[in-house]
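The block underneath contains the structure these notes are about, expressed in structure tokens.
The values are calculated or read from the model by the stated rules, or taken from the named source; none is laboratory data. Everything numeric in this text was worked out from a predicted model, so none of it was measured. Here the Cβ is made from the backbone with ideal geometry for all residues, glycine too, and neighbour counts use every protein chain on show. What goes into the accessible areas is simple: the full protein's heavy atoms, side chains included, and nothing from ligands, DNA or RNA. Shrake-Rupley method; radii C 1.70, N 1.55, O 1.52, S 1.80 Å.
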Amino acid sequence: MIFYGTNGTHLRTAALSQLDCPSCGTNVDLKVSLFSRYVHVYWIPFFPYTKLAVVQCGHCQMAWENKALPPSLAPAVRELKQQTQQPFWTWAGVALVLSVMVFGYLHSIRDTHTDEILLANPRAGDIYTVRTDSANMYSLLKVRQVSGNSVELVANEYQSSDSTPIETLNAPAKYSNEPFVLTRLDLQIMRRKGELTDVDRLSE
Ligand SMILES: [Zn+2]
């Protein structure tokens, strides 16, 4: 269950000294208070959605709220609202969600970049995650040795629907004993076709 709702905070109080009170006609003590309404999720402010105004006359104590503001007061209140910013902290939740997304995006870019470097420089022990012929199944190839352009690999004899099967499948007994050879170019082509989805170098 997610707890969410709205909350409010006082932004500012200002005098409307040029205006007469619509009730008693004096202009001695007419004040407007602005409040921010914001959405919270688990009491973390997420984003502001409106400003509320309350006008009160200190002389006759008459008060008006947002929707019921007398027309003579509305323009001044509207102007004050436009001049008053919602505090940054009322955006905290949205800022938090955005920063998590940006972090995840940067992390995935770095990860892909690292994969390209590792694939271009194969080394014994490297593990490649590959899509198998069956739809949406994944398995592993392990580099046994590299000589020149030839990369000797052994195939894992198991497959998994998990796109990162390294933890479940990477046990020595699960690999075939019969190696086969691919060229570096073969690996690059598999990568470009999306058949080779991940590169891991566990020794580091
Ligand atoms: Zn008044």
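Tabulated data for the structure shown
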read-out	value
All-pairs alpha carbon distance profile, segment 121-200, 5 Å steps from 0, percent	3, 17, 28, 28, 18, 6, 1
Value of D in µm² per second that Stokes-Einstein yields for segment 83-148, Kirkwood Rh from Cα pairs, at 37 °C (0.692 mPa s)	206 µm²/s
Average accessible surface area per residue within the chain, 1.4 Å rolling probe, Å²	63 Å²
The chain - Kirkwood radius from inverse mean 1/r over Cα pairs (Å)	22.7 Å
For GLN61, net neighbour charge (Lys/Arg +1, Asp/Glu -1) across residues whose Cβ lies under 14 Å away	0
Calculated from backbone phi, Karplus (6.51, -1.76, 1.60) coupling profile of segment 55-66 in Hz, x at Gly/Pro	10, 9, 9, x, 7, 9, 6, 5, 9, 10, 9, 1
The chain: DSSP helices with Cα axial extent of at least 20 Å and average Kyte-Doolittle hydropathy no lower than 0.0	92-120
Cα-projected label distance for ASN177 with SER134, points at 7 Å along beta-carbon direction, nm	2.5 nm
Förster radius 41 Å - calculated FRET efficiency between SER72 and VAL100 (Cβ-Cβ, nearest 0.05)	0.30
Carbon and sulfur %, accessible surface of segment 39-183 computed with the full protein complex present, 1.4 Å	59 percent
Centroid-to-centroid separation of segment 177-200 and segment 62-102 [C-alpha atoms, Å]	57 Å
Compactness of segment 4-95 as Cα Rg over 2.2 N^0.38 Å, two decimals	1.21
Amide H partners (placed H, <5 Å) of LEU11, local residues excluded	LEU34, PHE35, SER36
Label point distance in nm, ALA14-SER33, each placed 7 Å from Cα along Cα→Cβ	1.7 nm
Largest to smallest accessible area among MET101, MET1, MET190, MET62 [probe 1.4 Å]	MET1, MET101, MET62, MET190
The chain - mean residue ellipticity at 222 nm from DSSP helices (-39,500 (n - 2.57) per run, n ≥ 4, rounded to 500)	-8000 deg cm²/dmol
